């Protein structure tokens, strides 16, 4: 199973297509139970995801079946000093307590540049120590297309990367980085497979911000029709066709949504073996949600 469960929705109102807000704790438990029953074995979270750590910690009786990947928040300064290294070490220790767990599968730098910033050696040493003790399995980074990849690939500690990837945003495949990660045995998790839900929305429901890309969005819908697939199935297929991708992090607000994605996943596995035309878009104003101006 190449799906992983995202948890940002558990701690924050998130996503352009999210109209229901954060799910209550009992609904999160249902989501997690269905994930485990469906052989999903990774849950992705972050210190910056509001209450998501606390929510997962309250549901340890389910979460102990899942590998947890979390992220350290961005450092605003240009370099680390002893105080900031200590603060980050304490954040990690607090994460074990809040998540109510003894082992974290992956600890990522949410801002990838932080792993190469001056002064971070004490923090990296502490992460490596946790790794040797079996408290952390992998150290990694969350990537964006504008990162300095040469510098990052020089860091030997990196064993896991998370990056954006979807039908429109195929940067890391086009530039050969997926193959590079695979050659270096670096595990690859991708986020934004649905572009924050945009790819799943009906054209008439999309905010006016996306009008400049109406042609591309319409083309995506037309391809789905051509292959007798749903938008959900097609969005998953465009990611699944890349064998170098280990996990697709998907976020849901309800057990029903997860069930729909699981059903679509099995159809998408077959669809991914078909010839899917390249519909990638090089405009970050569309592919990077941080650039969106909505509402």
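Remarks
- Residue in the range 169-189 that is touching a helix residue (DSSP H, G or I) at 6+ places or on another chain (Cβ under 6 Å), closer than 24 Å to residue 252 by Cα and modelled with pLDDT of 95 or more present: yes
- Residue count for the range 165-205, restricted to those that are assigned to a loop (DSSP other than H, G, I, E, B), farther than 23 Å from residue 292 by Cα and touching a strand residue (DSSP E or B) at 6+ places or on another chain (Cβ under 7 Å): 1
- Residue match in the range 140-153 (condition: surrounded by 16 or more Cβ atoms within 10 Å (Cβ to Cβ) and more than 15 Å from residue 188 (Cβ to Cβ)): no
- When we screen 237, 264, 224, 229 for residues that are surrounded by 17 or more Cβ atoms within 10 Å (Cβ to Cβ) and free of Cβ contacts under 8 Å to residues at least 12 places away in the same chain, the only hit is 224.
- Subset of the range 19-64 (residues that are in contact with a strand residue (DSSP E or B) (Cβ under 8 Å, 6 or more places away or on another chain) and closer than 15 Å to residue 101 by Cα): 42, 43, 44, 45, 46, 47, 53, 56, 63
- In the range 35-53, the residues that are surrounded by fewer than 18 Cβ atoms within 10 Å (Cβ to Cβ), assigned to a helix (DSSP H, G or I) and under 19 Å from the mean Cα position of the chain (by Cα): 36
- Matching entry among 269, 255 (being surrounded by fewer than 16 Cβ atoms within 10 Å (Cβ to Cβ), over 16 Å from residue 168 (Cα atoms) and at pLDDT 95 or above): 269
The values are calculated or read from the model by the stated rules, or taken from the named source; none is laboratory data. Predicted model only: the values in this text are computed from it and were never measured. Heads up, the Cβs are rebuilt from the backbone with ideal geometry, glycines too, and the neighbour counts pull from every protein chain shown.
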